[in-house]
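J.: One structure, as structure tokens, below. Some questions next.
Values quoted throughout were computed directly from the atomic coordinates according to the rules given, and no laboratory measurement underlies them. Given the structure is predicted, the values throughout are model-derived calculations rather than measurements. Because the Cβ atoms are built from the backbone with ideal geometry, glycine has one as well, and the counts that use them run over all protein chains shown.
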Amino acid sequence: MTNTIRQKNYKVVKALLLTLVLFCSPKSAWALQTHPAPEGLYAHMLAHLFFIATLAIFIYWLQTTGLVRGKGWRLIQISCLMFILWNLDTFTVHWIEYTMTRDMFITTGLDWSHRLSMNGGWRSWLYYFGKFDHLLCVPAMLFLLFGLRDLYRQAGTTEGLSQHD
């Protein structure tokens, strides 16, 4: 019995050390995704609009079927609304990014070390605050998670009830 516990602990420690090594020694992150102009950007922005339309249709369907009376579906509807706001924000930031000029940035002479100059007027400010899109996206994902979890729990209780009958 203690041997199996030791083996499990050894596996957990080994996995944690491997994860630590992988996260602490990256050579290149390659975390930037560019959209080659102009076709890639247009397709990407159209995808945001398509996502907005799809979510709006889904919200309408949830309303007309009356499913939003349940907690899980209500949470999913809130998630859809937040994803719509996130898409609108992201679409706007992409548009501003596409129209930005070099003079809207302060460079320090090194690659990837540009800072946004707030002298660009309303576009600079909208771009800056629009980049906080995670404040919409993360809660949207959490509402989706909580809604799906509630639906899962409801499905488990209804299955359990039907098996006892």
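J.: Non-local amide H neighbours of PHE105 (under 5 Å, H modeled in plane, Pro and chain starts lacking H): which ones?
T.: SER117
J.: With a Förster radius of 25 Å, plug the Cβ-Cβ distance of PHE129 and THR99 into 1/(1 + (r/R0)^6) and report the FRET value to the nearest 0.05.
T.: 0.90
J.: Could you give me the ³J(HN,Hα) list for the range 70-85, computed from phi with Karplus coefficients 6.51, -1.76, 1.60 and θ = phi - 60°, whole Hz, x at Gly and Pro?
T.: Values, residue by residue: x, 4, x, 5, 5, 5, 5, 5, 4, 4, 4, 4, 5, 5, 5, 4 Hz.
J.: While we're looking at this one, here's another question. Multiply the residue separation of LEU148 and LEU46 by 0.36 nm, subtract the distance between their alpha-carbon atoms, and state the gained length in nm to one decimal.
T.: Working it through step by step, the gained length comes to 34.0 nm.
J.: Ok, one more. Ranked by Cβ crowding within 10 angstrom, fewest neighbours first, how are SER79, SER25, SER124 ordered?
T.: Fewest-to-most ranking of SER79, SER25, SER124: SER25, SER124, SER79.
J.: Using the Karplus curve 6.51 cos²θ - 1.76 cosθ + 1.60 with θ = phi - 60°, what ³J(HN,Hα) values do you get for each residue of the range 43-51, in whole Hz, with x for Gly and Pro?
T.: 4, 5, 5, 4, 5, 4, 5, 5, 4
J.: Compute the distance in nm between two label points, each set 7 Å from the Cα along the Cα-to-Cβ direction, one at VAL13 and one at HIS114.
T.: Calculated label separation equals 4.9 nm.
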